[in-house]
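The values are calculated or read from the model by the stated rules, or taken from the named source; none is laboratory data. These figures come from a predicted structure and were not determined experimentally. FYI the Cβ positions are ideal-geometry reconstructions off the backbone, even for glycines, and counts take in every protein chain you see. When the accessible area is computed, the model is the full protein with side chains, heavy atoms only, and any ligands, DNA or RNA have been set aside. Shrake-Rupley method; radii C 1.70, N 1.55, O 1.52, S 1.80 Å.
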Amino acid sequence: TVILDSVVYKLQGFVIISMMIVRSRAPLRLSFAGGGSDLPAYYEKYGGSILNATVDIYAYCTIEDVESELVFEASDLEVSFSYKPEPKITGCPLKIHEGIYNRIVKDFNGGKALSISVKTYCEAPIGSGLGSSSTLTVAIIKAYAEYLNLPLGEYDLAHLAWSIEREDLGLSGGKQDQYAAAFVGLNYIDFFDHYRVIVNPLRLKPNFISEFESSLVLYFTGKSRESATIIDEHTKNISNNNSITIDAIHGIKELATLIKESLLKSDIKTFAKYMEESWNLKKISSGKISNSHIDKIYNLAKENGALGGKVTGAGGGGFMMFIVKPTQRMHLIKTLQDNDETGGYVLNCHLTRQGAMSWVVDSF
């Protein structure tokens, strides 16, 4: 074995084989409005509209050549599994790693097994409400695309991630998270049918983005949640034509348009007002969206300067976000973090200007 320019090469006879390492990352998202309208049961009937933004909290993946082995590792979960390389892997508890590997080998590697290690971690906890599972899926696929030199654009990347999660693995969920992770920044996304999705980026003034970031407080409730239960309930209610759930999502979708307009007008106060209306409608759509713990945090935030807020995902726990005047932001942060009953913490974040990305590692 020799080392040349920080890259390891192994000599086998007269052939020099490079040990390739690629890395990727994808940003998590905040969902401002439209949640629920990205469920297939809804948008295939009525069309869906989502307003979300990516933030500088990331899911990471590293793919590295190894000899005669297939390794899946999620370091944030402290879970690792090793297999003999096969064209299809079954029974792995890391379902996302398994599902992506199986689809990539089948569709993009001619059914030939890969001898690699796939190591991942996410900067947000499980059940965060920031779309961590789908963001991780996008990050892993992005790493494979770099590793195998696959020509996947943003739409290809997002749809493939959605297809693996929802069709191959049967995981419950909507469609916004994959597109948020694949694209960059603040987007208004329209969902029409199985394949037709249009991502509309919002072009905001830099000074307004700075003002918006200065007004945003992201707070972890201290409790993770399992979104599948809420999502399955929504899907069932929509399929059964439950008027309460459907009317609530209709209203949430309409507010997505109004919230988009408020941002384009640089009107943070109106944005906060509509976001609060969206939160109230979201709670109507299901009794599992909120609980006494979330209500306590929300009321505490409102009493200490928050103009509006909501949970960032399906509900039941995870992160909440609030809009507050920048001059009162530190007071709100201190109040939330000093309250022993809430049991959570504030996580600083900024809007991103770069979506999913990958690169070849020339060191380590």
Which of the residues belonging to segment 252-293 are in a helix (DSSP H, G or I), among the small types (Gly, Ala, Ser) and open to solvent by less than 20 Å² (accessible area, probe 1.4 Å)?
-> Ala256, Ser262, Ala272, Ser278, Ser285
Filter segment 227-259 for residues that are among the β-branched types (Val, Ile, Thr) and in contact with a helix residue (DSSP H, G or I) (Cβ under 8 Å, 6 or more places away or on another chain) and give the result.
-> Thr235, Ile238, Ile244, Thr245, Ile246, Ile249, Ile252, Ile259
Across segment 39-71, the tally of residues that are of a type in the set (Ser, Thr, Tyr) and either in contact with a Gly (Cβ under 7 Å, 6 or more places away or on another chain) or within 23 Å of Ile209 (Cα to Cα) (or both) stands at 4
Residue check: is Ile297 within 20 Å of Tyr219 (Cβ to Cβ), at pLDDT 90 or above, of a type outside the set (Gly, Ala, Ser) and open to solvent by less than 10 Å² (accessible area, probe 1.4 Å)?
-> yes
Counted residues in segment 335-360 being among the polar types (S, T, N, Q) and touching a helix residue (DSSP H, G or I) at 6+ places or on another chain (Cβ under 7 Å) come to 4
Would you mention how many residues in segment 232-270 are over 22 Å from the mean Cα position of the chain (by Cα) and under 20 Å from Ile323 (Cβ atoms)?
-> 12
Residues that are open to solvent by less than 40 Å² (accessible area, probe 1.4 Å): find the strands (runs of 3 or more DSSP E) completely inside segment 66-169 holding 2 or more of those.
-> 70-74, 116-122
Could you list all residues from segment 182-204 that are charged (D, E, K, R) and surrounded by 13 or more Cβ atoms within 10 Å (Cβ to Cβ)?
-> Asp190
Residue pairs within 7 Å by beta carbon, gap of at least six or interchain, first lying in segment 235-252 and more than 21 Å from Lys175 (Cβ to Cβ), second open to solvent by 10 Å² or more (accessible area, probe 1.4 Å) and part of a helix (DSSP H, G or I), listed first then second, are Ile244/Ile284
